[in-house]
1. Residues in region 163-178: is at least one modelled with pLDDT under 95 and aromatic (F, W, Y)?
2. From (1) assigned to a loop (DSSP other than H, G, I, E, B); (2) touching a residue at least 12 places away in the same chain (Cβ under 8 Å); (3) among the hydrophobic types (A, V, I, L, M, F, W, C); (4) surrounded by 14 or more Cβ atoms within 10 Å (Cβ to Cβ), pick out the condition that doesn't hold for A161.
3. How many residues, within region 98-114, are part of a strand (DSSP E or B) and open to solvent by 10 Å² or more (accessible area, probe 1.4 Å)?
4. Which of the residues belonging to region 83-93 are open to solvent by 10 Å² or more (accessible area, probe 1.4 Å), assigned to a loop (DSSP other than H, G, I, E, B) and in contact with a strand residue (DSSP E or B) (Cβ under 6 Å, 6 or more places away or on another chain)?
5. Among the residues of region 115-146, how many are out of contact with any strand residue (DSSP E or B) (no Cβ under 9 Å at 6 or more places or on another chain), assigned to a loop (DSSP other than H, G, I, E, B) and open to solvent by less than 30 Å² (accessible area, probe 1.4 Å)?
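The values are calculated or read from the model by the stated rules, or taken from the named source; none is laboratory data. If you're wondering where the values come from, they're calculated on a predicted model, not measured in any experiment. Positions of Cβ are backbone-derived with ideal geometry, glycine not excepted, and every protein chain shown enters the neighbour counts. These accessible areas exclude ligands, DNA and RNA; they are computed on the full protein's heavy atoms, side chains included. Shrake-Rupley method; radii C 1.70, N 1.55, O 1.52, S 1.80 Å.
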Amino acid sequence: MGLVWCLCLVVVAGMVLLPPASSCSCYLRHPQQHVCEADFVVFARVRRLTTTPDGHKAYKVKVKRLVKGSEKVELILQKGLIYTVPSSCEAKLKTRTSHIITGNVSAGKPWLTLCNFAAPMRSLTPKMKKGFRLLYQSGCDCSIMSCHFWERCPKASFFCAWETSREKFDCQGRQSMCLRGPDGTCDWLRGHTYRTCMKSLRSRSNDTDINNTQDNSISRGINGIHRRRKPSRYGYKRTQGHQARPHNMYSRIGYVPKNG
């Protein structure tokens, strides 16, 4: 019963919509999910937006590296065109700029929409670049669940809880990826930058709770009402019978970085 409940949560989480900038709404997805669900992932330099003879809008690109894609997709991309939808879902790419682009193939053409991941290379963190080159694909057998709308994220061995998806500093989105370890459990890759980011995030969350508690103490003095302190979103307590996580998690997921 518990397994079914968790599976339902994962399905619901995948249906969370981003606030629409216009009439186009997209599912909230981790960069790793974009890679796993895409037909192709490329490092490419965007030259210009053009209109093809058949009336479609397409970006003229120079593909530098095909990260994901079949031989058929590789042949399609050799034409140097990635099509986009001429509507509110049209992807906006910077010309004369190198991008990481994910997309899907339909009717023999590579397509990119606003809902696909496409960003300038310079905007990616080093961890994201490593993820797009290889590591994201190696974790496609693990699910990622965005649970920013929960007070406390559920835990399970077959998915990673994406707690920081709505934070300004998205530690799990920009500094980590979800991989399956030797014990079969899916978990975030806990490198140095990830641990530092999460520590900073928890510190800011705790400071906010302290300020809220001080404000509530003033309210109690005036109104005589005792308000319960909302638990920190990222705080945690150790309980008896539970051991702390090992400091180095690389051995747990079976990945050892070359240079830190």
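1. yes
2. (1)
3. Of region 98-114, the ones part of a strand (DSSP E or B) are 98-106, 109-113.
So of that shortlist, the ones also open to solvent by 10 Å² or more (accessible area, probe 1.4 Å) come out as 98, 104-106, 109, 111, 113.
Matching residues across region 98-114 total 7.
4. Let us first name the residues in region 83-93 that are open to solvent by 10 Å² or more (accessible area, probe 1.4 Å), namely 83, 85-90, 92-93.
Those still in the list that are assigned to a loop (DSSP other than H, G, I, E, B) too: 85-89, 92-93.
Answer for region 83-93, where residues must be open to solvent by 10 Å² or more (accessible area, probe 1.4 Å), assigned to a loop (DSSP other than H, G, I, E, B) and in contact with a strand residue (DSSP E or B) (Cβ under 6 Å, 6 or more places away or on another chain): V85, P86, C89, L93.
5. The qualifying residues number 1.
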